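Only one structure is covered here, and it is reproduced in the block below.
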C-alpha cells in the first residue's frame, strides 16, 4: 500500500514548506495535511470540526510530529495517543529540531516509531523522506508491525 496521507504537526510554516519540497524532490506525492499545534492534531484525529469530513480529511497513515508545538507538545500528543486503542497502529515519526537525548527517550517510551532530527537542507530532508517512504512500504501494513524498526 502506498503512503498516501500524512498528518504533519509543525508550527513553523517554513519547515512545512521545506517538507513539501522534500517530498517533491524525492519524487513522492503523498497528501500532506499540516496542523500547527498539538490540540489540532487531536481535533484532526478525532474528526472534530473543522476536520469532520473524512473524505476531505482522511485518517493519516503517518503522523510526522514536531515536539515543540504550541497548546500541546508533541510528547503530550504521544501520551494521548497511547490512551486510545484505535490509534495503536498509527505510525508516528517524531521529526523535530530537538537534540535533547531525554526527548528521544521520552518519545520512544510514548510509542514513537522513530525519532529524526530535522535535516539542515532540502536535499537531506528529501533523502529522509525517501527513507520514510521505503520504511512505510516495508513496514506500513499494521499487521506486519510488531516492533518499531529503525529507519535507515
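Out of all DSSP beta bridges with both ends in region 1-132, state the antiparallel percent to the nearest 5.
0 percent
With labels modelled as points extended 7 Å from the Cα through the Cβ direction, what inter-label distance (nm, one decimal) is found for residue 89 paired with residue 32?
Computed distance between label sites residue 89 and residue 32 equals 2.6 nm.
Taking only DSSP H segments of four or more residues, each worth -39500 (n - 2.57), what value at 222 nm results for the chain once the sum is divided by all its residues, to the nearest 500 deg cm²/dmol?
Taken over the chain, the calculation gives -11500 deg cm²/dmol.
Gaussian network model of the chain, Cα springs within a sub-10 Å range: biggest mean-square fluctuation belongs to which of 39, 13, 86?
Greatest mean-square fluctuation among the candidates belongs to 86.
We did not get these values from a lab; they are worked out from the coordinates using the rules stated. Small disclaimer: the values here were computed from a predicted structure and weren't measured. Note that we place each Cβ from the backbone using ideal geometry, even for glycine, and neighbour counts take in every protein chain shown.
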